[in-house]
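The values are calculated or read from the model by the stated rules, or taken from the named source; none is laboratory data. Just so it is clear, the structure is predicted and the values come from calculations on it, not from any experiment. Cβ atoms come from the backbone with ideal geometry, glycine included; neighbour counts cover every protein chain shown. Note: accessible area is taken over every heavy atom of the protein model, side chains too, but ligands, DNA and RNA are not part of it. Shrake-Rupley method; radii C 1.70, N 1.55, O 1.52, S 1.80 Å.
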Amino acid sequence: MVRAVKRRNIFNRTLARRLLLRISLATGALITLAACIGFYFSYQQAYQQQVSYLVHDSNQRIERESSVFKQAEATAELLGQYFIDSYQQASQSPDVIAAVFDQWFEETEPGVHRLREAFYEGFSPDPEFFSNPYSSEFKHLSVFAGQSQYALTDERKMRIVVALKVVHRLAPSWQQLYENTHISMPENVIVHYSLNHPWGRQARADLDITRYAVVRSTLQSENPERQGAWTGLYYDLSSEQWVITYQIPVDFDGRHLGTPSHDVSLEDMLNRLIDSHESAATHVVLNNQAQLIAAPTSVIAPHEHSGIVHLEHLDNPLYTSIWDRIADTDGEQIFTIDHKDMLIIAHKIPGPDWWYITAYPLWEIQKLALLSPMRFVILSGGFFILVLVILYIFMNQQISRPLRHLSRLAHEVGNKRYEAVTQIKIEAEYQRSEIGMLVRSMQEMARSILSQQQTLEAEVDKRTAELAAANQRLENMAHMDGLTGLLNRRALHRDLQYLLNDQNAKPHAFLLVDVDFFKAYNDHYGHLDGDQVLKEICALLSHHCEGHAYRYGGEEIACIVPANDLTDAIAAAESLRNEIANVKRIHAASPLKYLTISIGVTMMQRGESANDIIQRADKFLYQAKDEGRNRVCGG
Ligand SMILES: Nc1nc2c(ncn2[C@@H]2O[C@H](COP(=O)(O)OP(=O)(O)OP(=O)(O)O)[C@@H](O)[C@H]2O)c(=O)[nH]1
């Protein structure tokens, strides 16, 4: 029984597991296929997105940083315009302004005039000579008017003072943007505004700025188009920084008045450019002559104070390969260098017209591109496991549980507990399902079996009763005498034996009766009459006998009657003899004239055999016959 239940449980478990396994395999294969397809497209999309992001990032950086250059161009132009306007205005009375020059400047060396030191430290001149609605205090200003072939005329003096006023008026508002703001003049003059150092005071006395390419390039002879221009990158010894200068020559009446300029420090900008938010990216700035403007510290450090480094001297195959691809191009360039596994994004920086190059390892892009499809796969896997768990719970609830329910039901049927089967309640959720139908069918079957069983039992009971009755009849027939209706000799022996064996039996007497001269009766009246007479005698004896009467054989009848002693027994026998005698049935062939009986009587003794008793009674019967018949003898 236990093994059967176990087998059923295993079957249920195995069924649920097998279903789950097959569903897992089928859906797993589908999800894997979908994941592979999704993975491929998602990877391609993520790769393109990553590249787009890098291009966008690069563009934004350049746009942000190039605003400094655009701003420098705009402010220099503003400074130039203001300078011309002020110069025109001052030209009305150049001698007055020239007088101011004498007040504010000193000749520090022969032929060299410099603005007094107080103008750098902080100086408020006499309002008679100067009024400024914004700030009356001159500060951070220095002027160097070096030796020149040109005479220091009132016009020059006036122009220098006007330049000083213009710079004083505008430069402080740009002090955060530029390393310095200055106006150079072709007569070896620089009007300089700087927070960091009084350049005009510190310049060597013999300095001739027109010898420097930076200033020379603004002269009408060198720059006939009079275009503003960015100088190349150079190391400014005074500020100890790498700077780039924008300068725009200003002419008036065909004469070169001066060149407003800004020195823009590139330290911060280049640091920002090469400082990548994408740690794996490398940024490089190159100019149009394949010279390195900015690069990671590890590359640039050995050449830090060597001025501008040409790629030829750098011996860097990556940079050389990049340059080979962009040298003769313009605008945005995006390409890969396969032998280095690098994605290259190159943009032009407006202003100095440099190349801003981002080199990004392809494996890093692939790694980032993999994240998105990986998320997709992990999410798909998680979803798949969740579905399996829900499916398992569902199958357990909807299949395994009802199966166990059915198993219990079948178990009850197997044990023939049909009554219990009919009383099992079907759970509401299974009422309308196939499970409910199956349970109802099994209950119907159990009820049918019960009904058949009851019918069968009733039939068996009936047949058993009939059989018992038949048996009883057979039993009776076996112990009955057919002619007289008395119990027969077999019944006599059975009852004798029973009484003799019964320890608690009351005392009984045994009477052996014989019809007198019965042969003569038969002979005289015929056998049929003899039978009739015998039946009447038997009926009388049976009726009057207090015990039971038996046909012992022929015309002999035995009686077992309760009797305390022989006297009682003889009295009972006498009573029977009288009953027959009193009938006074005529027996013509008998000397006694009537039909009579003789009786031998004896008490039944416990321990003796039936034959002993019968023999003893028979002896007294003979005695009664011998003594004349129609009498009782006993002992
Ligand atoms: N009609 C008839 N006669 C029977 C039956 N059984 C025995 N008999 C007869 O009974 C007679 C018995 O005769 P016996 O034993 O010689 O004795 P009896 O003639 O009765 O004489 P006593 O017994 O000495 O008085 C026999 O003739 C039997 O045939 C029976 O069932 N029917």
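Give the range 582-615 a look and list any residue that's open to solvent by 20 Å² or more (accessible area, probe 1.4 Å) and closer than 16 Å to Phe518 by Cβ, or say none.
Val583, Arg585, Ile586, Ala588, Ala589, Pro591, Leu592, Lys593, Tyr594
Suppose we filter the range 495-535 for residues that are part of a helix (DSSP H, G or I) and within 16 Å of the ligand (Cβ to nearest atom); how many remain?
The qualifying residues number 17.
If a residue has to be open to solvent by 20 Å² or more (accessible area, probe 1.4 Å) and more than 17 Å from Gly331 (Cβ to Cβ) to count, how many in the range 53-66 make the cut?
3
Need the failing condition index for Asp263 against (1) outside the structural domain of Tyr178 (by TED's automatic domain parsing); (2) modelled with pLDDT of 85 or more; (3) buried (at least 21 other Cβ atoms within 10 Å of the Cβ), just the number.
Unmet for Asp263, out of (1) outside the structural domain of Tyr178 (by TED's automatic domain parsing); (2) modelled with pLDDT of 85 or more; (3) buried (at least 21 other Cβ atoms within 10 Å of the Cβ): (1).
May I ask you to list the residues in the range 616-628 that are within 18 Å of Leu595 (Cα to Cα) and open to solvent by less than 70 Å² (accessible area, probe 1.4 Å)?
Result: Leu621, Ala624, Lys625, Gly628.
Out of the range 220-240, which residues are of a type outside the set (A, V, I, L, M) and either modelled with pLDDT of 75 or more or under 16 Å from Ala74 (Cβ atoms) (or both)?
Within the range 220-240, Gln220, Ser221, Glu222, Asn223, Pro224, Glu225, Arg226, Gln227, Gly228, Trp230, Thr231 meet the criteria.
Go through the residues of the range 602-616 one by one and say whether even a single one is within 13 Å of the ligand (Cβ to nearest atom) and farther than 21 Å from His527 by Cα.
no
Conditions first: (1) surrounded by 15 or more Cβ atoms within 10 Å (Cβ to Cβ); (2) in contact (Cβ under 8 Å) with a residue 24 or more places away in the chain. Met480 passes all but one, so which condition is the exception?
(2)
Quick one: how many residues across the range 67-87 are open to solvent by 50 Å² or more (accessible area, probe 1.4 Å) and within 57 Å of the chain's Cα centre (by Cα)?
1
How many residues are surrounded by 17 or more Cβ atoms within 10 Å (Cβ to Cβ), away from the ligand (no atom under 16 Å from the Cβ) and not in a helix (DSSP H, G or I) if we restrict to the range 548-575?
Summing the residues that are surrounded by 17 or more Cβ atoms within 10 Å (Cβ to Cβ), away from the ligand (no atom under 16 Å from the Cβ) and not in a helix (DSSP H, G or I) in the range 548-575 gives 4.
Note down all Cβ pairs under 6 Å where the first residue falls in the range 498-513 and is open to solvent by 50 Å² or more (accessible area, probe 1.4 Å), the second is part of a loop (DSSP other than H, G, I, E, B) and not hydroxyl-bearing (Ser, Thr, Tyr), and they're at least six residues apart or on different chains.
Short answer, once both residue conditions are applied: Pro507/Asn564.
Suppose the filter is part of a helix (DSSP H, G or I) and not assigned by TED's automatic domain parsing to the domain that holds Ala588; does Arg473 pass it?
yes
Hey, any hits in the range 484-494 for a residue that's surrounded by fewer than 15 Cβ atoms within 10 Å (Cβ to Cβ), within 16 Å of the ligand (Cβ to nearest atom) and over 60 Å from the mean Cα position of the chain (by Cα)?
The answer is yes; a qualifying residue exists.
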